[in-house]
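Peer 1: The structure is given below, and queries will be raised subsequently.
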Amino acid sequence: MADRRQVLRMGAVAAAAPALTAAVATPALAHGHDRASSEVFGHRGASGYRPEHTLASYELAARLGADYLEPDLVSTKDHVLVCRHEPEIGGTTDVASRPEFANRKKSVLLDGVSVTGWWTEDFTLAELKTLRAVERLPAVRQRNTLYNGLFQVPTFTEMLELRAKLSKELGRDLGVIPETKHPTYHRRLGMELETPLLRTLERFGLNKRGAKVWIQSFEAANLRAIRGQARVNLVFLTSAAGSPFNDTTTYAQYLTPAGLKELSRYADGIGPDKAQVIPRKADNTLGTPTSLVKDAHAAGLKVIPYTFRAENQFLPADYQVGTDPNAYGRALDEQITFLGTGIDGLFTDQADIGVLARKLRG
Ligand code: G3P
Ligand code: CA
């Protein structure tokens, strides 16, 4: 493991206080990026510092040193892929305050659960572009509310244009890891995600072997379906409980050695909940690693767990500092511990912390 004082002398010092110094730290980190075996995935961009899934969030993640940028994808009414965590946009845009869209509010059965709000599939791209992004977690990330109302909902195309521009500027090939959100739901609406996703990747020359692209899904069926056309890596996401929508195989069954072997016929990696790599004990302290990393590697699958967040409320009890749930805890140490299990990368809301943890881990 690298000595912390040595790492700090190497120029990463500003990254240790990202919320205060992100803008200052940016150039040194982006250009002084050192390669290591694990990769840092900017979760919804740099969602710890900017409203998620905005171009500003993706750009900051890149400048903080993320290897990959993560857009979650849903569809508009005119079947354009846009970057949102869910098709329901009441919590991540200002749509609720727009009288002209008040009558679009409705309840929908999303993967068997009734959800009330505003839905991207009811908005044309032109209508969606009149909205502005807001911080999803204003009580946790109050500083991010500074940016409420400034940024549009980006299309996947705009996100890839930004990726290309920043790759050129930063002198490194930025990866992209799009997630197909609720693929069965979208297909039943007649707005399937996979064809426009692959077509868009093609247009950018990214659907080819060796491209720094992973396609993610919490459903195995659509990964299986696109295996023949996708030249890029596929990653199956798993929840800590339950099963994929419309699937009788549980996530736990997918993660057995036999399940992983079967998965490896069409997937290249798994994206487990981090608790499936190291569970918490009953007292919420961090427990001991499961055999998942070893089992997945034995099946030839990479392991990229989610989601690493710096605030106390997302950390195990023994990594928290003080009692404020929104204050930062020992996030670096948590990530270093997880890197010790042999994971191949991690999704984090604070890309600079991921970069620094990797550097400290050595
Ligand atoms: O895709 C990795 C992680 O993002 C999965 O969780 O809900 O944040 O999309 P979610
Ligand atoms: Ca995601």
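Peer 1: If a residue has to be of a type in the set (Val, Ile, Thr) and part of a loop (DSSP other than H, G, I, E, B) to count, how many in region 215-239 make the cut?
Peer 2: 1
Peer 1: Can I ask one more? Are there any pairs, at least 6 apart or on different chains, whose C-beta atoms fall under 9 Å, with the first in region 320-336 and on the phi > 0 side of the Ramachandran plot and the second crowded, with 18+ Cβ neighbours inside 10 Å and not charged (D, E, K, R), and if so, which?
Peer 2: Gly322/Asn312; Gly322/Gly329
Peer 1: Between Arg199, Arg172, which is open to solvent by less than 50 Å² (accessible area, probe 1.4 Å), among the basic types (Lys, Arg) and either touching a residue at least 40 places away in the same chain (Cβ under 8 Å) or assigned to a helix (DSSP H, G or I) (or both)?
Peer 2: Checking each option against the conditions leaves just Arg172.
Peer 1: A further question on this structure: So which residues in region 135-157 are in contact (Cβ under 8 Å) with a residue 12 or more places away in the chain, within 12 Å of Tyr49 (Cα to Cα) and crowded, with 18+ Cβ neighbours inside 10 Å, if there are any at all?
Peer 2: Scanning region 135-157 gives Glu135, Arg141, Asn144, Tyr147.
Peer 1: Quick check on Leu193: is it in contact with a helix residue (DSSP H, G or I) (Cβ under 9 Å, 6 or more places away or on another chain), buried (at least 22 other Cβ atoms within 10 Å of the Cβ) and modelled with pLDDT of 95 or more?
Peer 2: yes
Peer 1: Looking only at region 312-333, which residues are in a helix (DSSP H, G or I), small (Gly, Ala, Ser) and open to solvent by 10 Å² or more (accessible area, probe 1.4 Å)?
Peer 2: Ala317
Peer 1: Looking at region 93-116, which of the residues that are within 24 Å of the chain's Cα centre (by Cα) and not in a strand (DSSP E or B) is surrounded by the most Cβ atoms within 10 Å (Cβ to Cβ)?
Peer 2: Per the stated criteria, the residue is Val95.
Peer 1: Residue pairs, Cβ under 9 Å, 6 or more apart or interchain, first in region 292-311 and more than 13 Å from Phe236 (Cβ to Cβ) and open to solvent by 30 Å² or more (accessible area, probe 1.4 Å), second within 16 Å of ligand 1 (Cβ to nearest atom) and of a type in the set (Gly, Ala, Ser). List them.
Peer 2: Arg309/Ser47; Arg309/Gly48
Peer 1: So how many residues does region 214-233 have that are closer than 18 Å to Val74 by Cα and within 16 Å of ligand 1 (Cβ to nearest atom)?
Peer 2: Qualifying residue count, region 214-233: 9.
Peer 1: If you don't mind, there's one more thing I want to ask. Any idea which residue in region 202-217 is most open to solvent (accessible area, probe 1.4 Å), counting only those that are in contact (Cβ under 8 Å) with a residue 12 or more places away in the chain, over 17 Å from Cys83 (Cβ atoms) and out of contact with any Phe, Trp or Tyr (no Cβ under 8 Å at 6 or more places or on another chain)?
Peer 2: Arg209
Peer 1: Can you tell me which residue within region 353-362, out of those that are of a type in the set (D, E, K, R) and more than 20 Å from the chain's Cα centre (by Cα), is most open to solvent (accessible area, probe 1.4 Å)?
Peer 2: Among those residues, the one meeting the criterion is Arg361.
Peer 1: Filter region 52-75 down to the residues that are of a type in the set (A, V, I, L, M) and away from ligand 1 (no atom under 15 Å from the Cβ), then identify the one that is nearest to Pro196 (Cα to Cα).
Peer 2: Among those that are of a type in the set (A, V, I, L, M) and away from ligand 1 (no atom under 15 Å from the Cβ), it is Leu55.
Peer 1: Something else now. Among Glu127, Glu158, Glu100, which is the only one that is closer than 30 Å to Ala211 by Cα and of a type in the set (D, E, K, R)? Don't jump to the end; show me each part of the working.
Peer 2: Working: Glu127 fails: closer than 30 Å to Ala211 by Cα; Glu100 fails: closer than 30 Å to Ala211 by Cα.
That would be Glu158, the only listed residue that is closer than 30 Å to Ala211 by Cα and of a type in the set (D, E, K, R).
Peer 1: If you take the residues of region 218-247 that are open to solvent by less than 10 Å² (accessible area, probe 1.4 Å) and among the polar types (S, T, N, Q), which of them is farthest from ligand 2 (Cβ to nearest atom)?
Peer 2: Across region 218-247, the extreme among qualifying residues is Asn222.
Peer 1: A follow-up question, please. Does Asp78 satisfy the condition of being of a type outside the set (Lys, Arg), over 25 Å from Asn148 (Cβ atoms), at pLDDT 95 or above and part of a loop (DSSP other than H, G, I, E, B)?
Peer 2: Yes, satisfied.
Peer 1: Please go through region 334-352 and pick out each residue that is away from ligand 2 (no atom under 16 Å from the Cβ) and either assigned to a strand (DSSP E or B) or open to solvent by 40 Å² or more (accessible area, probe 1.4 Å) (or both).
Peer 2: Those that are away from ligand 2 (no atom under 16 Å from the Cβ) and either assigned to a strand (DSSP E or B) or open to solvent by 40 Å² or more (accessible area, probe 1.4 Å) (or both): Thr337, Gly340.
Peer 1: How about region 330-351: which of its residues are among the polar types (S, T, N, Q), within 20 Å of Gln320 (Cβ to Cβ) and either within 13 Å of ligand 1 (Cβ to nearest atom) or more than 15 Å from the chain's Cα centre (by Cα) (or both)?
Peer 2: Pass one, region 330-351, residues among the polar types (S, T, N, Q): 335, 337, 341, 348, 350.
Narrowing the set further to residues that are within 20 Å of Gln320 (Cβ to Cβ) leaves 335, 337, 348, 350.
Within region 330-351, Gln335, Thr337, Thr348 meet the criteria.
Peer 1: Given the residues Glu179, Glu194, Glu202, which is the only one that is in contact with a Pro (Cβ under 9 Å, 6 or more places away or on another chain) and either farther than 27 Å from Ser38 by Cβ or among the polar types (S, T, N, Q) (or both)? Outline the logic, then answer.
Peer 2: On the way: Glu179 fails: either farther than 27 Å from Ser38 by Cβ or among the polar types (S, T, N, Q) (or both); Glu202 fails: in contact with a Pro (Cβ under 9 Å, 6 or more places away or on another chain).
Step by step, each of Glu179, Glu194, Glu202 is checked, and only Glu194 is in contact with a Pro (Cβ under 9 Å, 6 or more places away or on another chain) and either farther than 27 Å from Ser38 by Cβ or among the polar types (S, T, N, Q) (or both).
Peer 1: How many residues does region 248-278 contain that are part of a loop (DSSP other than H, G, I, E, B) and either surrounded by 16 or more Cβ atoms within 10 Å (Cβ to Cβ) or in contact (Cβ under 8 Å) with a residue 60 or more places away in the chain (or both)?
Peer 2: Looking only at that region, the number is 8.
The values are calculated or read from the model by the stated rules, or taken from the named source; none is laboratory data. As the structure is a computational prediction, the values presented were derived from the model and not from experiment. For neighbour counting, all protein chains shown are included, and Cβ atoms are generated from backbone atoms with ideal geometry for every residue, glycine included. Protein only, heavy atoms only, side chains kept; ligands, DNA and RNA dropped before computing areas. Shrake-Rupley method; radii C 1.70, N 1.55, O 1.52, S 1.80 Å.
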